[in-house]
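Enquirer: If you scroll down you'll find the structure; I have some questions about it.
The values are calculated or read from the model by the stated rules, or taken from the named source; none is laboratory data. Source: prediction; values computed, not measured. Here the Cβ is made from the backbone with ideal geometry for all residues, glycine too, and neighbour counts use every protein chain on show. When the accessible area is computed, the model is the full protein with side chains, heavy atoms only, and any ligands, DNA or RNA have been set aside. Shrake-Rupley method; radii C 1.70, N 1.55, O 1.52, S 1.80 Å.
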Amino acid sequence: MALSISGQGPRGRGRLVLVAVVLVVAGLALAGALRRGPAPAVVITSDHEAIGPATTITAHFSEPTGGLGAVKLELVQGERSVVLAERRFARSGPFSLLRGRVTAETDLTGTAGRKAQEWLKEGEAVVRATADRMAGPLRSGAPVVVEKRMAVLLRPPSLELLSRQHYVRQGGSGVVVFRVGEGVARSGVRAGATESLSFPLPGGGPGERFALFAVPWELDDVGQVRLFAEDAAGNRSELPFVDLFKKAPPRTDTIDLSDDFLARVVPAIASQTPGFDASGSLLDQYLRINGEERRAVLAKIAALAKDTQAAFLWRGAFLQMPDTQRRAGFAETRTYLYHGKAVDHQTHLGLDLASTEHAPVPAANSGRVVFAGWLVIYGNAVIVDHGYGLMSLYGHMSAISVKPGDVVAKGQQLGNSGSTGLAGGDHLHLEIFVQGKSVNPLEWLDEHWIRDNIANKIKLP
Ligand SMILES: [Zn+2]
């Protein structure tokens, strides 16, 4: 990328300042029209680093002193060029000729790429942004031109599947090993709107990568589960790779919201959640907790997912908390009834494990604590990173005995079970995430599943 700027030098500015000083006596009305500050500023940005199928280019123009007169955004390659966007400005308001309002800044946006410009060739192109100042009686019109050189890439990147026998289940997890060609910026598995990004394959050759991926519980179309690779220009290759897909539609359940339950959980959550809007009835507040607050917590978990280590921190099957009964399961879509009327729907995405009150909660596997604290619907919660995007969450705890950054062993106590957050009674809510997307924990508790679906495709430590 190279930038070049041409415009007014400091000498021209000095001459105009002198003229302006002489004219001050002639009246303030003229002063605004004669002021001239620094040259217009132009910044070019794009949504992809290179031009490919369709790269969105934005130029930001600003000239706060005298205002912008005209702006233009062009794409140039060899002898050909095209105007992507342009705009002209006039003074507005009273006394518009000399003192009218001017436009101090604006954006121009256009699309550069093979879809819009069929004549583009592989190689390089120039994005050119031109800004003219608002003309005044003594102003010259020399424009400012900023250019940005961008690579033009038009071929989809190479993508080759290396692992075999991918049997996946709706709401489940999996691993896939593949090889990408040079210049690939992002790759992994797309499952509907969910992306699980890849990592370099430990001990692998050039371009060899793997992705631990999630198949969303709400996705029942295997045609939407594909391996992908994308370059810096947005050229994309996709491959279907799933050999066998098992649908597992969410089960349904109804939950009665009693006044006693609301009176117990709502004020407790409201008082511990900073910024919570505690207006309205207990039911109103409950719906806010189960709706807005739930979405905020899921967004926080998705952000924490980036805090993963590129290493297998876990060993063997995940551990179910000892001596526990499995109560609610994964992907149960609940209808919440209040005095017999449906007031809410949410999907339960963990495993509810009940034992005795305040029972010790062990880490399901070894890893590093990335969160320990208040997590609204989950109450007091701990999140452990197991590496490569795999994390486990422990919710509704009465006490927490670890802190972020702690390295924990499989079975090490994280705290004690409880009924904090949205919990009907003392239990542990265990949830497993792959890159922030909830997956069925039962697979990770099953050593046969791990052997057949993970360990047979990738060498685990
Ligand atoms: Zn639960």
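Enquirer: Take the solvent-accessible surface of the protein heavy atoms, probe 1.4 Å, and return the percent of it on segment 159-246 that carbon and sulfur atoms account for.
Expert: On the way: 1820 of 3620 Å².
Carbon and sulfur atoms account for 50 percent of the accessible area of segment 159-246.
Enquirer: Related question: Leaving out ligands, DNA and RNA, what percent of the accessible area of segment 321-373 is carbon and sulfur, probe 1.4 Å?
Expert: Details: 1090 of 2300 Å².
Of the solvent-accessible surface of segment 321-373, carbon and sulfur hold 47 percent.
Enquirer: Based on the Cβ-Cβ distance from Thr109 to Asp284, what FRET efficiency comes out when R0 is 45 Å, to the nearest 0.05?
Expert: On the way: r = 41 Å, r/R0 = 0.92.
For R0 = 45 Å, the calculated efficiency reads 0.65.
Enquirer: In whole Hz, what ³J(HN,Hα) sequence does segment 414-423 give by Karplus (6.51, -1.76, 1.60; θ = phi - 60°), x for Gly and Pro?
Expert: The phi angles translate into 9, x, 10, 5, x, 9, 6, x, 7, 10 Hz.
Enquirer: In what sequence, largest accessible area first, do Arg368, Arg295, Arg236 appear using a 1.4 Å probe? Mind dumping the intermediate values first?
Expert: Numbers: Arg368 50, Arg295 150, Arg236 75 Å².
Most to least solvent-accessible, the answer reads Arg295, Arg236, Arg368.
Enquirer: Would you tell me the accessible area of Phe276, worked out with a 1.4 angstrom probe on the heavy atoms of the protein chains, in Å² to the nearest 10?
Expert: Rounded to the nearest 10, that gives 30 Å².
Enquirer: Output the 0 to 90 degree angle, nearest 10, between the alpha-carbon long axis of helix 10-23 and the longest principal axis computed from the alpha carbons of the chain.
Expert: The angle comes out at about 70 degrees.
Enquirer: Starting from the Cα of Glu447, step 7 Å along the direction of its Cβ; do the same at Asp220; then give the gap between the two resulting points in nm.
Expert: That separation, rounded to one decimal, is 3.5 nm.
Enquirer: Once phi is turned into θ = phi - 60°, what whole-Hz ³J(HN,Hα) does the Karplus curve with 6.51, -1.76 and 1.60 give for every residue of segment 295-309, x standing for Gly and Pro?
Expert: 5, 5, 5, 5, 5, 5, 5, 4, 5, 4, 4, 6, 8, 8, 9
Enquirer: I'd like the orientation of helix 259-272 relative to the chain: the angle between its Cα long axis and the longest Cα principal axis, in ° from 0 to 90, rounded to 10.
Expert: Computed tilt is about 50 degrees.
Enquirer: ³J(HN,Hα) across segment 237-253 via Karplus (A = 6.51, B = -1.76, C = 1.60, θ = phi - 60°), whole Hz, x for Gly/Pro?
Expert: Karplus values, whole Hz, x for Gly and Pro: 10, 9, 9, x, 9, 7, 8, 9, 10, 10, 6, 9, x, x, 7, 10, 8.
Enquirer: Leaving out ligands and nucleic acids, and using a 1.4 Å probe, what accessible area per residue does the chain come to in Å²? Each step should come with its number before you reach the end.
Expert: Working: 21730 Å² over 461 residues.
Averaged over the residues of the chain, the accessible area is 47 Å².
Enquirer: For a 31 Å ceiling on Cα separation, which of these pairs sit above it: Lys121/Lys300; Lys246/Lys457; Lys410/Lys437; Lys246/Lys306? Mind showing how you got there, number by number?
Expert: Details: Lys121/Lys300 43 Å; Lys246/Lys457 19 Å; Lys410/Lys437 22 Å; Lys246/Lys306 29 Å.
Checking Cα-Cα distances, Lys121/Lys300 exceed 31 Å.
Enquirer: What part of the accessible area of segment 396-461, given as a whole %, is carbon or sulfur when the probe is 1.4 angstrom? It would help to have the intermediate numbers written out before the result.
Expert: Details: 1330 of 2630 Å².
For segment 396-461, the apolar C and S fraction of the accessible surface comes to 50 percent.
Enquirer: How much accessible surface area, in Å² rounded to 10, belongs to the heavy atoms of Lys72 with a 1.4 Å probe?
Expert: So the heavy atoms of Lys72 present about 70 Å² to solvent.
Enquirer: Okay, helix-only estimate at 222 nm for the chain: each DSSP H run of n ≥ 4 adds -39500 (n - 2.57), divide by all residues, round to 500 deg cm²/dmol; what do you get?
Expert: Working: 7 runs with 61 residues, N = 461.
Helix contribution divided over all residues of the chain: -3500 deg cm²/dmol.
Enquirer: Give the calculated FRET efficiency between Leu162 and Arg294 to the nearest 0.05, with a Förster radius of 41 Å applied to their Cβ-Cβ distance. Please list the in-between numbers first.
Expert: Working: r = 39 Å, r/R0 = 0.94.
E(calc), rounded to 0.05, equals 0.60.
Enquirer: Right, another one. Tell me the label-point distance for the pair Ala303, Ala248, using the 7 Å Cα-to-Cβ offset, in nm and rounded to one decimal.
Expert: Taking the two extended label points, one gets 3.0 nm.
Enquirer: FRET efficiency for Ala135 and Ala41, Cβ-Cβ distance as r, R0 = 22 Å, nearest 0.05?
Expert: 0.75
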